[in-house]
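Chemist: Here's a structure for you.
Only the coordinates and a few stated rules stand behind these numbers; no lab work does. No experiment lies behind these values; they were computed from the predicted model shown. Heads up, the Cβs are rebuilt from the backbone with ideal geometry, glycines too, and the neighbour counts pull from every protein chain shown.
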Amino acid sequence: MTQTTPPEEQGTHFWFMTFLARTDRDVDVANRSGTWTPPPGFTRFDAMKAIRQQLIEDSPHLANSAMLSFDIQPNQL
């Protein structure tokens with residue numbers, strides 16, 4: 001069974017990022033995704049920087065990683 005979060009509890013936009021991060025023994029592909037409501041006037045570039053910064057704060061090993069992909073879209077079908 002799939003659990004869903006009511007739309008009113010989600011951000012206005014869905015985003016995902018993929019990173020290539022070096023580990024002690026190898027490299028790791030790290031995928032992250034979520035929803036977010038950007039402040040008024042934010043651009044896609046602003047959103048990418050803000051989300052990446054938060055991810056690095058939450059997962060410091062991503063600080064020196066290469067971001068392979070990023071996308072952000074309105075969170076609606």
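Chemist: Evaluate the charge dipole of the chain about its Cα centre and quote only its size in Debye, nearest 20, assuming +1 on the Cβ of each Lys and Arg and -1 on the Cβ of each Asp and Glu.
Modeler: I would put it at about 220 debye.
Chemist: Also, quick follow-up: How tilted is helix 44-58 with respect to the longest principal axis of the chain? Cα atoms for both, answer in degrees (0 to 90, nearest 10).
Modeler: Helix 44-58 sits roughly 60 degrees off the main axis of the chain.
Chemist: Got the relative contact order for the chain handy, in percent, Cα pairs under 8 Å and 6 or more residues apart?
Modeler: Computed value for the chain: 44 percent relative contact order.
Chemist: Taking K and R as +1 and D and E as -1, what net charge do the other residues with C-beta under 13 Å from the C-beta of residue 44 add up to?
Modeler: Combined, the nearby Lys, Arg, Asp and Glu give 0.
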